[in-house]
Structures are given as C-alpha cells and as structure tokens.
Amino acid sequence: MMKKRAVFLDLQGTLGGKGDGDVRDFSFYPYAIDAIKLLNESGILAIVLTNQSHIAKGHLTYPYYEKRVNEITQELKNSGAYVDGIYCCPHASEDNCSCKKPLHGLVRQAEADFDIDVQDSFIIGDMGISDMALANNVGARGILVKTGLGIGSLTTYRHTWDDIEPYLVSENVLDAVEHILTLGGWPPTSL
C-alpha cells in the first residue's frame, strides 16, 4: 500500500489570525477554508501543525486550547471542509521538547499516525525560522506564504533562516495549494 501524501499547514498567520498570536484570537482568512476544501477533494491529507507556547507561559490553558480547536473544526465542518489532524506543541523554547517547530516531533507523530511519505509532502507556513526550517529538517517541500509574518520572514528576519531556500513563495495558502495541485501526480492515482 502506498504511503500517503500530506500538506502540513501552519495555523496562525497561514490559515488565519496573526502570525504571532494564538488560538484565542484565531479566525480563518476568507480563502483558507477554500484551500482546505481543495485538499479534501483531492484526497491529500490536510494536517495542522501549531506551536502554542502561550500554554506553557500560562496565558491560556490546554483545555481552553482544546475548546478553541473544537470550535475551529466545527467551523470547517459547517463549511464542508475538514482537517485530518491538528498537532500542537504547547511548550516554550526553554522546555527543550522535540515538538516545537522547527523540531521534527509533530511531523514524526503525524507521519506515524497516517503513514505519510514526508519527502513527498509539503509544509505551508508564514515563518521561515520555524515552518521553512521544519520543512528543511524533515525533507519536505516548504512553501512560505506572505500572509501573517511572511513578508517579515522574507525581509527583516531573512537572516534567521538564510541557509534555507523555500520550494516556493506564495501570496497565501490558497495560492500555495493551487500550485501543489498543478504538479504531476496530484491527486494520487491509487490510494
């Protein structure tokens, strides 16, 4: 049986909200749900990877985070879309976990849960230092979006990830997904 392909999606700054925010102030960009629907219709896994260090810092509780995730997934469902999984790192940098992006823990967990071919998958995000570095670390193709903190990642903060080249720079997540779907082999011919 073939391994599955996935598009790993950052939450804040990529699907909606502010790039430096958390789930408390998250709301979808108008085109983000359409991007997820395209992935759903194509049979490509849509998996969210999110750093939520505000949990470790005491700004919100894990149960509150879970409540917001339920609201987010319900909003998707109401719009005829879904994500296959949402993986969260609740730690702060000083916790020395293996899951805080750009470390590989969240991807490895999803890879095991869904039998994903990570090297044939994409990571879409607005932060070079976390999302593009994660793509580089796990061997996936990274697409940097200009929403959220994307412009700053490409300019003011480019030095923080200057040894990494994104596979592509897109205006937003919908443009990124549309590009992915134009590539050969998408959707897979056999599941």
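What fraction, in whole percent, of alpha-carbon pairs in segment 36-148 exceed 16 Å separation? Don't jump to the answer; show the numbers that get you there.
Numbers: 4012 of 6328 pairs.
Considering segment 36-148, 63 percent of its Cα-Cα pairs are separated by more than 16 Å.
According to the calculation over all Cα-Cα pairs in segment 43-99, the P(r) per 5 Å bin from zero is 5, 17, 24, 22, 15, 11, 5, 1 %.
Computed extension length for T155-M1: 51.1 nm, one decimal, from 0.36 nm per residue of separation with the Cα-Cα distance subtracted. Give the total of Lys-Lys pairs in the chain with Cα-Cα distances below 24 Å; include a pair only if its members are 8 or more places apart or on different chains. Eligible lysine pairs with Cα atoms under 24 Å apart amount to 24.
Span-like helix check, the chain: no full DSSP H segment qualifies, none having both a Cα axial length of 27 Å or more and a mean Kyte-Doolittle of 1.0 or more. Here segment 84-191 exposes an accessible surface that is 50 percent carbon and sulfur, computed with a 1.4 Å probe and the other protein chains kept in place. Direction-averaged projected area, Cα convex hull, the chain: 10.2 nm², rounded to one decimal.
Using the alpha carbons of segment 143-183, what is the convex hull volume per residue in cubic angstrom, as a whole number? Could you put the intermediate results ahead of the total?
Values: hull volume 2.0 nm³, N = 41.
Looking at segment 143-183, the number lands at 50 Å³ per residue.
Computed over all pairs of different Cα atoms, the Kirkwood value for the hydrodynamic radius of segment 1-98 is 14.1 Å. Accessible area per residue for the chain is 46 Å², calculated with a 1.4 Å probe on protein heavy atoms, without ligands, DNA or RNA.
Antiparallel as a % of all DSSP beta bridges within the chain, to the nearest 5? Before the final figure, lay out each step's value.
Details: 1 of 23 bridges.
Bridges in the chain that DSSP calls antiparallel: roughly 5 percent.
Computed over the Cα atoms of segment 15-68, the ratio of the radius of gyration to the Kirkwood radius (Rg/Rh) comes to 1.04. For the pair segment 108-150 / segment 1-24, the C-alpha centres are spaced 9 Å from each other. Working note: Cα atoms of segment 86-160, range along each principal axis, descending, whole Å: 36, 31, 19.
The values are calculated or read from the model by the stated rules, or taken from the named source; none is laboratory data. Because the structure is a prediction, the values reported are computed rather than measured. Accessible surface areas use protein heavy atoms only, side chains included; no ligands, DNA or RNA. Shrake-Rupley method; radii C 1.70, N 1.55, O 1.52, S 1.80 Å.
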